Amino acid sequence: MPIDLTIRLLKRSLNKPVIVKIKGGRLIRGILVGYDEHLNLLLKDAEWVYKEDSDPIGSILLRGDNVVLISPT
Amino acid sequence: MPIDLTIRLLKRSLNKPVIVKIKGGRLIRGILVGYDEHLNLLLKDAEWVYKEDSDPIGSILLRGDNVVLISPT
Amino acid sequence: MPIDLTIRLLKRSLNKPVIVKIKGGRLIRGILVGYDEHLNLLLKDAEWVYKEDSDPIGSILLRGDNVVLISPT
Amino acid sequence: MPIDLTIRLLKRSLNKPVIVKIKGGRLIRGILVGYDEHLNLLLKDAEWVYKEDSDPIGSILLRGDNVVLISPT
Amino acid sequence: MPIDLTIRLLKRSLNKPVIVKIKGGRLIRGILVGYDEHLNLLLKDAEWVYKEDSDPIGSILLRGDNVVLISPT
Amino acid sequence: MPIDLTIRLLKRSLNKPVIVKIKGGRLIRGILVGYDEHLNLLLKDAEWVYKEDSDPIGSILLRGDNVVLISPT
Amino acid sequence: MPIDLTIRLLKRSLNKPVIVKIKGGRLIRGILVGYDEHLNLLLKDAEWVYKEDSDPIGSILLRGDNVVLISPT
């Protein structure tokens, strides 16, 4: 029975690029360099992703309760 | 008296296709490959489902508090 | 003094048709086949209910925090 | 110092008509036949109340976190 | 260091008129006749307050999580 | 490592004017005369602050979960 | 396995400029002078950041549940 699903999945994505959809619908892409059990995410080389381009943000701490979904890219 | 309804139901859907309606109304279809008691869901071959077509996303971790309902397809 | 109101009420509706109003205002009708203390509901033969018609969904797990009210039909 | 205000008040309204305003602004009127400490309410002969008329719903379980206020009628 | 600020303040307003602003922006005026630590409020002679007039509601139990602010009038 | 940041900061502002931005974007200015660890705030001489004027409210208890930010003026 | 991600990251940014995106989409820039485990942030020399200019606020306590993301500038 899956326990700690969140942690196991995020561990597999560590130091790899992920896309994160946040509440309100916007997308952030970055390298996952940290996380915790609340789904707080630490991303480097992060950028807002738009339909046809993107906008760099740098390193970010994303508060977990804003996360809708996370996907390896 | 049903206890752990969520876990029992999700167990039956493991490795099978499910449709998930998230807050805001959008639909995601994918193969359920993991879950936990918070309704965090791990889907593979996921895609956004629209009225007449769909848009692939790949593997995703969907945060449980965004889930409205889950249905086997 | 009513304790476990939720559970007692849902028990009486088990295997019977119920209407559920969810946040945002939409209505779902289905046969209640499971529930838990968070008001997570398992419905079979579920369908979206509109003013003049309905749209089948099948079996669903409805996450309790989306529920506004439940009514036997 | 008032403790269990909710329970004491609801007890006085048991088996009497109440009006409930829910989030989003709509009004429900019904006979209060059950409640718990989360403000989950069990109403019979419930109806949606509009400015000039009303629309019957029957018996309902109203989830407490949707309640704004309760008033004896 | 203020502890139980809520309770102390409400105690001073007991049996006195208060104005309560609720989420969404509406105002309720009434005599505070009860409260608890969740800011659930029991008001008598309550009324909706508008710019130029008011609309009586009677006795109400107002659920604390809808409260924005409370002010003696 | 900062612990009880909230309490330490509010202590320094006690009996001094503060501006509070609440959810939805409105501003309240007043003298901070009490607070607790939930960021419930007790203000006297409070007023709604608009771009070019203000509107007095008097003494208020502001429920902490509506607070976005607090600033000494 | 990252534990206390939030605290570790904020520690590295102490006394340095950060940009904070809050719910609703607005941006605040300031020097991070305090924080706690709820992501409550104490900023000095804070300012609202707009596309082409900014608007000073001074010192602020920002309640953590309004935070979407934090980024060193």
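The values are calculated or read from the model by the stated rules, or taken from the named source; none is laboratory data. The model shown is predicted, which means the values in this text are computed figures rather than measured ones. When we count neighbours, we look across all protein chains shown, and the Cβ atoms used for this are built from the backbone with ideal geometry, even at glycine. Remember, those area values only see protein heavy atoms, side chains included, never the ligands or the DNA or RNA. Shrake-Rupley method; radii C 1.70, N 1.55, O 1.52, S 1.80 Å.
Condition check for residue G:18 on (1) under 28 Å from residue A:4 (Cα atoms); (2) not in a loop (DSSP other than H, G, I, E, B): one failure, at (1).
Just one of (1) facing another protein chain (nearest Cβ under 10 Å); (2) outside any loop (DSSP other than H, G, I, E, B); (3) under 21 Å from residue C:67 (Cβ atoms); (4) not polar (S, T, N, Q) fails for residue D:38. It is (2). Checking the stated criteria, residue F:31 turns out to be closer than 21 Å to residue E:11 by Cα, open to solvent by less than 60 Å² (accessible area, probe 1.4 Å), within 11 Å of the chain's Cα centre (by Cα) and more than 13 Å from chain E (Cβ to nearest Cβ). Among the residues of segment F:25-34, the ones that are out of contact with any Pro (no Cβ under 7 Å at 6 or more places or on another chain) and under 22 Å from residue E:38 (Cα atoms) come to 2 in all. The set of residues in segment A:34-46 that are of a type in the set (Asp, Glu) and open to solvent by less than 90 Å² (accessible area, probe 1.4 Å) contains only A:36. Taken together, the residues in segment B:1-28 that are surrounded by fewer than 18 Cβ atoms within 10 Å (Cβ to Cβ) and among the small types (Gly, Ala, Ser) amount to 2. Taken together, C:52, C:37 contain a single residue that is over 26 Å from residue D:37 (Cα atoms) and of a type outside the set (A, V, I, L, M, F, W, C), which is C:52. Taking every residue in segment A:8-24 that is facing another protein chain (nearest Cβ under 9 Å) and in contact (Cβ under 8 Å) with a residue 40 or more places away in the chain and pairing it with any residue that is in a helix (DSSP H, G or I) and surrounded by 18 or more Cβ atoms within 10 Å (Cβ to Cβ), at least 6 positions away or on another chain, the pairs with Cβ-Cβ distances below 8 Å are A:22/A:66; A:23/A:66; A:23/B:66. Candidates F:27, F:39, F:43, F:69: the one that is at pLDDT below 95 and either under 29 Å from residue G:4 (Cβ atoms) or among the aliphatic types (A, V, I, L, M) (or both) is F:39.
Within segment E:47-72, the set of residues being at the interface with chain D (Cβ under 8 Å from one of its Cβ atoms), buried (at least 18 other Cβ atoms within 10 Å of the Cβ) and in a strand (DSSP E or B) comprises E:57, E:59, E:60, E:61, E:62.
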